[in-house]
Each structure stands twice: as structure tokens, then as C-alpha cells.
Amino acid sequence: MTVIFLIAGAFFAVWLLEKIYQKNWSNGLTVSIKFQSEPVFEGKKASLTETIENRSWMFMPVLQVGFRVDRNLKFPEEENAAVSDKLYERDIFSVMFYQKITREIRFETAKRGYYVIDRADLMTKTLLATEELHENAELFTYLYVYPRLISVDSLEVIFRRMMGEITAQRRIYEDPFAFRGLREYMPGDPLNKINWKASARAMDTLVNVHDSTESARCCFLLDVEDEGILRFEQVHEEGIRLAASLGAQMMERQIPVSLLSNGVDQVTGETIYLESGSGMRQKNRLFESLARLKTEEEPEPFPELLKRYLPEITREHPLCVLITRNQRPKLVEAVQEITRTGASLLWIATVTRDIPWKLERVQGAEIIRWEVSE
């Protein structure tokens, strides 16, 4: 009889321990997944850090941590990942009581974008491995993958045309009495342009910007619309790289840059309009806007967008750089409305060998073909 009570007591103790473990296994358990804080350019390697910390007496011989990321982030251990439209990455840990584990994972970025991880799924088993236990960990981490920059040598012809237009419109001397605003200090700015009071208030070095009748400014007009049912993803991606590369070159020469695109912003859900600016912050804003640009959704027709933003993009007679594969008559009409305001327009036609280019001339605009390899 004593043996029976002992066996029954042992079973009860095991049952009770299982119930306690099921109820409390995740108490004191925290999981953190963080992308690296610095953005990275398309095609480069990046990293994320997984941290598991157990602040209780519970232990987990096997703890599986899973999270979903975009399939354009290429992780090295593909056997731990399930692929669909998303990549489901799984990592397995053995976590003892009062233990902290940190693991860094390196991966490759196959495409520009704004990548977010907002949840981790945790799974372990009971002490007797008879049942799976699940928990979700809410988190938020993001990574900007900027568009790949095209080499300066490849852009030489386009860049010379742009600088020629800028030089033709720019006045040699600024009006020292027409104050327009402030901008960040850049190497080469004379010290007498620094606004010391504004710099002290902003805790950053700011310089005065004086107005002129024709201030140099460059507005990029990026069209990611397709004329038919076929999608030209590679063509649009090349257009995005062109906008990023040429915009960076302009700002390195202290020329303010703005951006208008009918691509949808992944964060705001709106079409993208970046107001004119220069300096490192503006360059980062340009790269971030282009990283968040979605080409999968049906965009607003670009001629309609141009007409709506006509006053903003033609202010101060800028150089407008249109990047598009389209050549429909309505787009030509919208372009001519821009040039009638006094702005210069450079049309970069992103084409492939299979796309026939019909527009030989557009009044008021200069057309440059940029062939995209498929």
C-alpha cells in the first residue's frame, strides 16, 4: 500500500510540476531582435542581434525563436528558414535559469527597401516533452536599405548636361540683402556666412542663404507607372538608383534637391514629395524616401501628379530631371507645362533593348536614353 501511495505521489508531483511549468515558463523571459542602427546600401551585408534573457528559475532545454522578414534579406542558414512571400527564420537555443544569450546574424541585402520585424514567436516543450508551449513577443525594429549608387563614371554624360543647365540658370552673385533662410554648414562655406545666433539655438552650425533671381535647384521627377499590364520592375529599380545617385552628386556640390514620385510611400501610404533641401540630412531623407518607395501598387498617373504639384516643382525656375520609361502624349503635355514656366527639363528615358523609343524631340526638353540591362 505504501508503494502505491509513493507512486501516486510521484505522479502527482510530476503532474503538478508540469502545470507550474506550463503556467510560468515565460515569466522573466525576454526576447529582443534588433537590426543594426546604421542604414546599408543595396547589395551590402547587414546584421541583426538576437538577445534572449531568462530572469527566473525556469529553464528551457529547447527554445525556438522564429520571426518573419522579407525574402530580399538573404540569411545564411536556409535550412532554418521557410520561404514564401516572407522568410520565416528559426533559431534554437538552450536557455538555463538566470542566463543571457546574445547572437549576431549576418545577412545580405538583395534589394533596397524599408524592412521591419514586429513580432517574434517563441516555442518550447513541457518538461516531459508531451506538449508544445507558445508565446508571442511584440517588438519593433527596422532597417533602411538604400538604393545602390551608380558609379560617377557611368553618369558622366548625364551629370555634365545637368551641370550645364544649372550653370546657365544660376546667377554668378547672390544678393546679400535678400535673405532667404538657413541651411546646414558644409565644408567650403565661408565663415562670414555662419549665423551664430541661429546656430546656438539649433545646437548645430547653420549658414545664411541669400536669394537670387535664379537660385540653383534640382527637382527629380520619378515615374514608376507602367503603360500596359506588364510590369517593368528592373526598369523602375534602375530609375530609383538614378535618382539616388544624381541627387547625391547634386548635394555634394551644395545644390538643393527635391523629389516628386508617384510611387507609394510604404510608411505613409501617400505619393512621395520631398521638399527642397541640401546637406547630409537631406541626402539621408532622399535615400530613405527612395528606400520606402513601393512599386508593386498601381501608382497615380504621373501627368496628373505633375499638374497638381506644378507650383511647388517649378518654384525658382529649377532644373527638373524626369526619369521614366513612359512616352504617352499626356506626359509630353505635362512636361511642356513645366517648361513654359521657365524651368529647364532633362528627360532621362529608362529603356531596354526591347522597348522602342518613339519620342525624338519634346519641345523645351532634352532627352537622354539610359539603357537598362534585363
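Data overview
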read-out	value
Residue that is surrounded by the most Cβ atoms within 10 Å (Cβ to Cβ) [pool: residues in the range 269-280 that are assigned to a strand (DSSP E or B) and of a type outside the set (Ser, Thr, Tyr)]	ILE272
The range 57-75 - residue that is within 20 Å of LYS294 (Cβ to Cβ) and not charged (D, E, K, R) and, of those, surrounded by the fewest Cβ atoms within 10 Å (Cβ to Cβ)	ASN72
Residue in the range 299-317 that is β-branched (Val, Ile, Thr) and at pLDDT below 95 present	yes
Test set (1) within 16 Å of VAL235 (Cβ to Cβ); (2) without any contact (Cβ under 8 Å) to a residue 40 or more places away in the chain; (3) in contact with a Gly (Cβ under 6 Å, 6 or more places away or on another chain) - THR350 fails condition number	(2)
Residues of the range 112-160 satisfying the condition of being surrounded by fewer than 17 Cβ atoms within 10 Å (Cβ to Cβ), closer than 26 Å to SER245 by Cβ and charged (D, E, K, R)	ASP153, GLU156, ARG160
Meets criteria (over 19 Å from PHE232 (Cα atoms), within 19 Å of the chain's Cα centre (by Cα) and among the small types (Gly, Ala, Ser)) for GLY279	yes
Boolean, ILE355 is β-branched (Val, Ile, Thr), touching a helix residue (DSSP H, G or I) at 6+ places or on another chain (Cβ under 9 Å) and under 21 Å from ARG161 (Cα atoms)	no
Strands (runs of 3 or more DSSP E) completely within the range 182-268 that count 1 or more residues being under 13 Å from LEU293 (Cβ atoms) and either over 18 Å from the mean Cα position of the chain (by Cα) or at pLDDT 85 or above (or both)	218-222, 257-265
Within the range 30-56, considering residues that are crowded, with 17+ Cβ neighbours inside 10 Å and among the β-branched types (Val, Ile, Thr), the one farthest from MET280 (Cα to Cα)	ILE52
Where ARG161 falls short, out of the listed (1) under 27 Å from the mean Cα position of the chain (by Cα); (2) among the charged types (D, E, K, R); (3) modelled with pLDDT of 85 or more	(1)
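The values are calculated or read from the model by the stated rules, or taken from the named source; none is laboratory data. Since the structure is predicted, the reported quantities are computational estimates derived from the model, not experimental observations. Heads up, the Cβs are rebuilt from the backbone with ideal geometry, glycines too, and the neighbour counts pull from every protein chain shown.
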